[in-house]
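See structure below.
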Amino acid sequence: MLTNLLKSLIILLFAYNFFSCSLNYGTEKTSEETVPEFSFLNSNYNKYEENKLSIEMKAKKMEQYKTNGDTYAESVVFKTYNDDGTVDTEGSCNLLSSNTKTKKYSLFDNIEINIYDQEMILFATSLYFNGTTEQLTSSQTENVLIKKKDTEIEGIGFSASGVSKKYAYASNIKGKIISEETDENKTPQTMDVN
């Protein structure tokens, strides 16, 4: 009786181990997907198009992945250039995720972007840029501040078009306009907009 019980227990353990194993091995990620092809510390990255500098980026740490074209960077400072060699945009962020194949870029934490041809500076927590459509958007729940000459505008749900040079907010818009006129104490006049 003990041997029958032992045989039954061994068969049950074998059956448990056999049926509890996964047969779906196709979902495992390869090392090329999880381990960077290149990893750089304190790096400078320059991109040239038609023998002209188009992007300059400095990062504390940068990782590039082979299979999907993803690049991740930490403590980033960047510049983009016009065809004539002048600086188009200049900015910084704590984290950057980019994909050169899809032309999609995500910026996170302490974002500051100076857009020189529009004389505008953007401040945000997260921004997403689609290089194909030239659309820049924020999260629908995060605040984006724009400083432009004598105007400051902030709101939630920011979106901008690189083609039309127009931008909009979805909600909670407020701002300040500083006039060149001064009061008797030579203090610029301000008007709050809500």
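The values are calculated or read from the model by the stated rules, or taken from the named source; none is laboratory data. In this text the structure is predicted, and so the values were computed from the model without any measurement. Note: ideal-geometry Cβ built from the backbone for every residue, glycine included; neighbour counts use all protein chains shown. These accessible areas exclude ligands, DNA and RNA; they are computed on the full protein's heavy atoms, side chains included. Shrake-Rupley method; radii C 1.70, N 1.55, O 1.52, S 1.80 Å.
Numerical summary
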{"item": "Count of residues meeting criterion [closer than 19 Å to Tyr105 by Cβ and β-branched (Val, Ile, Thr)] in the stretch 147-169", "result": "1"}
{"item": "Answer residue from the stretch 64-77, given it is farther than 22 Å from Thr89 by Cβ and of a type in the set (Ser, Thr, Tyr) and is most open to solvent (accessible area, probe 1.4 Å) among those", "result": "Thr67"}
{"item": "Criterion: modelled with pLDDT of 85 or more and open to solvent by 100 Å² or more (accessible area, probe 1.4 Å) - qualifying residue of Asp88, Asp109, Asp83", "result": "Asp83"}
{"item": "Selection status of Thr100, within 30 Å of Leu136 (Cα to Cα), modelled with pLDDT under 95 and of a type in the set (Ser, Thr, Tyr)", "result": "yes"}
{"item": "Every residue from the stretch 47-63 that is within 14 Å of Thr100 (Cα to Cα) and open to solvent by 50 Å² or more (accessible area, probe 1.4 Å)", "result": "Lys47, Tyr48, Glu49, Ile55"}
{"item": "Test for Leu95: is it closer than 18 Å to Ser138 by Cβ, surrounded by 13 or more Cβ atoms within 10 Å (Cβ to Cβ) and out of contact with any Pro (no Cβ under 8 Å at 6 or more places or on another chain)", "result": "yes"}
